[in-house]
Amino acid sequence: GRGVIVTFAVAGFWGLAVVLVGAGLAVVLSKNLFHSVLWLALALVGTAGVFLLLNAEFLAAVQVLLYAGGVVTVVVFAIVVTEKLVGERLSHTSRQLVGGGGAAAILLALLVRAILRAPVAGPPPPVTGDLTRVLGEALLTTYVLPFELLGVLLLAGLLAASYFARPED
């Protein structure tokens, strides 16, 4: 059989995997919308942990600042504003639990099958150079058009949200 070598990266990955799967399930199965958002924040921070294990510190920082910080804050703000406008507490129910569970089980089976068929990789290559600098140069040279278009898309979303959030006259 194969010898199992447990390193910090492997143990950290499996620990984060358990947290991510648990948080993902809690997002979907929680009845309280606000609690779902908090579980989503935990899942996003766990994803940043995976980035850290992959030596992608910049992506981990962006994940925490933009997603776990910004997106979750905007969603919490939207929940609070909507509850004030509607005048009642918001909750949600999972109506398609059986169908979603079946689809998730099929996807899990396909992923496990693909992972088991993949060749076992050796240790990762050593990280050389400043990855943040390389990523920044790529964003501002090779991928500058998609980067700017994403900014325009986010601005359009912000303007649309402010239009729909305005009080009715």
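Highest average first, the peptides 51-63, 121-133 ordered by how many other beta carbon atoms sit within 10 Å of their residues are 51-63, 121-133. Geometric descriptor of the chain, per residue, is 173 Å³ (volume of the convex hull of the Cα atoms). Sequence-ordered 3J(HN,Hα) estimates for the stretch 58-74 from the Karplus curve with 6.51, -1.76 and 1.60 and θ = phi - 60° stand at 5, 5, 5, 5, 5, 4, 6, 5, 7, 8, 5, x, x, 5, 5, 4, 5 Hz, glycine and proline given as x.
By how many degrees, 0 to 90 and rounded to 10, does the Cα axis of helix 131-140 deviate from the longest principal axis of the chain? Tilt relative to the chain: about 50 degrees.
Would you mind classifying the stretch 25-81 by shape? Square roots of the alpha carbon gyration tensor eigenvalues, ordered a ≥ b ≥ c; an a/c under 1.5 is rounded, otherwise it is prolate if a/b is larger than b/c and oblate if not. Oblate, because a/c is 1.5 or more while a/b does not exceed b/c.
Calculated mean residue ellipticity at 222 nm for the chain: -23000 deg cm²/dmol, from DSSP H runs with n ≥ 4 weighted as -39500 (n - 2.57), summed, divided by the residue count and rounded to 500. Take the alpha carbon gyration tensor of the stretch 103-165, find the square roots of its eigenvalues, order them as a ≥ b ≥ c, and report rounded if a/c is under 1.5; if not, report prolate when a/b exceeds b/c, else oblate. Here the stretch 103-165 falls in the oblate category. Over the stretch 1-62, Cα pairs under 8 Å with separation of 6+ residues give a relative contact order of 30 percent. Listed peptides 158-164, 12-18 appear in the order 12-18, 158-164 once ranked by packing, highest mean of other Cβ atoms within 10 Å at the front. Packing, as the average of other Cβ atoms within 10 Å across residues, places the peptides 68-81, 33-46 in the order 33-46, 68-81, highest first.
Solvent-accessible surface of the chain, averaged per residue with a 1.4 angstrom probe and all protein chains in place: 78 square angstrom.
The values are calculated or read from the model by the stated rules, or taken from the named source; none is laboratory data. Quantities reported herein were computed from a predicted structural model and do not represent experimental measurements. Positions of Cβ are generated from backbone atoms using ideal geometry, with glycine treated the same way; all protein chains shown enter the neighbour counts. Calculation scope for accessible area: heavy atoms of the full protein, side chains included, ligands and nucleic acids excluded. Shrake-Rupley method; radii C 1.70, N 1.55, O 1.52, S 1.80 Å.
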